[in-house]
1. When you go through (1) of a type in the set (Lys, Arg); (2) in contact (Cβ under 8 Å) with a residue 40 or more places away in the chain; (3) not in a loop (DSSP other than H, G, I, E, B) one by one for ARG73, which number turns out not to apply?
2. Going by the conditions given, is GLY335 in a loop (DSSP other than H, G, I, E, B) and either without any contact (Cβ under 8 Å) to a residue 12 or more places away in the chain or under 26 Å from ARG437 (Cβ atoms) (or both)?
3. What do you reckon, is ALA398 under 21 Å from GLY319 (Cβ atoms), among the hydrophobic types (A, V, I, L, M, F, W, C) and under 24 Å from the mean Cα position of the chain (by Cα)?
4. Given ARG308, ARG282, ARG286, which one is of a type in the set (Lys, Arg), surrounded by fewer than 24 Cβ atoms within 10 Å (Cβ to Cβ) and closer than 30 Å to ARG207 by Cα?
5. Which condition breaks for GLY416 when tested against (1) surrounded by 22 or more Cβ atoms within 10 Å (Cβ to Cβ); (2) part of a helix (DSSP H, G or I); (3) touching a Leu at 6+ places or on another chain (Cβ under 9 Å)?
6. Is it true that some residue in the range 219-226 is over 21 Å from the mean Cα position of the chain (by Cα), of a type in the set (A, V, I, L, M, F, W, C) and in a helix (DSSP H, G or I)?
7. For GLY373, which of the numbered conditions (1) in a helix (DSSP H, G or I); (2) under 24 Å from PRO287 (Cα atoms) fails to hold?
Amino acid sequence: MAATRAGGSRPAAVPNQAMRALRGDLSPGEFATLVRRAAREIGEHVSCDARYVGRVESGEIRCPNYAYERVFRHMWPDKSPADLGFAPRTVVRGRAPADTASDTAPAAAPTAPPASPPDRPPAPHRPDEENDDVLRRTFLNGGPAALAAALGLDRPVPPVAMPSAAERRRVGAAEVREVEQAVRDIRLLDDAHGADAVFELAGQSLRSAYLLLNDGDYSAATERRLQSGTGELAISVGWLAHDSNRLADARSFYSEALATARMAGDPGLEAHVFCNSAFLARDSGRPREALRAAQAGQAAAAGLGSDRLLSLLALREAGGWALLGDRSACERALGRAYALFDRGPRDADPEWMSFFGEAELAGQDAQCRSALGDWDGASARAERAMELQAPQFVRNRALYTAELAHDRLGRGDLAGAAVHGAAAVALLGQVRSARIRGMLAHTADRLRGHAAVPEVREFLIGHDRATAA
């Protein structure tokens, strides 16, 4: 008798030895690259990565969704799904609905995070290919209104209009503009409100954009523009995942964006991906990867004519050196960043860099010095970032204030840390960012033993109330 899980009837996962044998000596990441390449050969889009390969080989995914099945048939035309170690779809679909997500991971870029930690509600069920029409109707009819209600905004993220499953839509300039406008509006919402409330619907918009790219009918010129727009949208959704502390999801979105950039031959998009990937790697505690990504970004951006882009990439490199504790290399990278910034803006500066001004330069400098333990230098630059930050960038104001609280605590200034922490807490009603909440929670935890200080006590009361709410 097959083993079962406690409290359920789903059979225990049985390792898929057939797929493991087909991988041979390749790493899971290398094998995933071959799968994505095969998908492109037949016009499919799958988000295959090392994690997906691991889930297949462990038996967690008992049956691939239809897109993956088509790719596998293309790769091994003489093998049936059973030959590849998969169970019949009719058997897998006989399970309780709550278990379907693990065996029907979506073919397009993911629109929902993986299993959430206990302090967040569980991720919503991710529909398979058969439910794409339901997803689109739900998003087009209710998604923008739901987002507007959640944020109290007059301008929600606009949907990307999609054809029905039965038709092949002619895609032209109007459709590309919809994708590009979605990118702009997502960035505006993030600047004002943070990532948490925008992430899910932005992911649905990205899925629609990939469907346009994969199922549409368009000219070569439109294809390049649509690829670039979809890549920028993937980066935007990746950043929302990053700011929501969904770091694994962010990494996956950036991988998709990089693949899109390479297929489009778009060095600007490639530089943008590397810029964000370097920041993600730093926040994930992978300094060497942050350095490699930042340096690759500088190579991609070398011929684009944007000193500001090169300045930001130098800052990303400085962050990697700071995390490694290499003060001299960090200082050199910071020196390049300031020198490039001082050359001023250019017409070639990417549209997405609208956030990068003196405030962001000072804020990133502060984070580097904080990582090096230079608390005085970090505090001074965080204060400058707060002074310079434009009011519409509410999320960044909250970020810099939380950073300053952390830096003041590093200096041993308990009261100063608490005052700035309380100021950041006051902005949480406007900003939904798990990353900023995490920073404040860390500061609060370090201050709990000092509640006798009046400012600390007031901050802790406010923080705990905000967290409970």
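Read the figures in this text as sums done on the coordinates, not as results from a lab. What you see is a predicted model; the values in this text were computed from it and never measured. FYI the Cβ positions are ideal-geometry reconstructions off the backbone, even for glycines, and counts take in every protein chain you see.
1. Looking at each condition in turn, ARG73 falls short on (2).
2. Values: in a loop (DSSP other than H, G, I, E, B): no; either without any contact (Cβ under 8 Å) to a residue 12 or more places away in the chain or under 26 Å from ARG437 (Cβ atoms) (or both): yes.
Against the criterion (in a loop (DSSP other than H, G, I, E, B) and either without any contact (Cβ under 8 Å) to a residue 12 or more places away in the chain or under 26 Å from ARG437 (Cβ atoms) (or both)), GLY335 does not qualify.
3. Details: under 21 Å from GLY319 (Cβ atoms): yes; among the hydrophobic types (A, V, I, L, M, F, W, C): yes; under 24 Å from the mean Cα position of the chain (by Cα): yes.
Yes: the conditions hold for ALA398.
4. On the way: ARG308 fails: closer than 30 Å to ARG207 by Cα; ARG282 fails: surrounded by fewer than 24 Cβ atoms within 10 Å (Cβ to Cβ).
The match here is ARG286.
5. Single failed check for GLY416: (1).
6. First, the residues of the range 219-226 that are over 21 Å from the mean Cα position of the chain (by Cα): 219-225.
With of a type in the set (A, V, I, L, M, F, W, C) added as a condition, the list becomes 220-221.
Applying the additional criterion that residues be in a helix (DSSP H, G or I) yields 220-221.
Looking through the range 219-226, at least one residue is over 21 Å from the mean Cα position of the chain (by Cα), of a type in the set (A, V, I, L, M, F, W, C) and in a helix (DSSP H, G or I).
7. It fails just one condition, (1).
Rundown of residues vs (1) free of Cβ contacts under 8 Å to residues at least 24 places away in the same chain; (2) part of a helix (DSSP H, G or I); (3) in contact with a Gly (Cβ under 7 Å, 6 or more places away or on another chain), yes/no style:
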position: TYR254; (1), (2), (3): no, yes, yes
position: ARG292; (1), (2), (3): yes, yes, no
position: ALA300; (1), (2), (3): no, yes, no
position: ALA318; (1), (2), (3): no, yes, no
position: TRP321; (1), (2), (3): no, yes, no
position: GLU331; (1), (2), (3): yes, yes, no
position: PRO345; (1), (2), (3): no, no, no
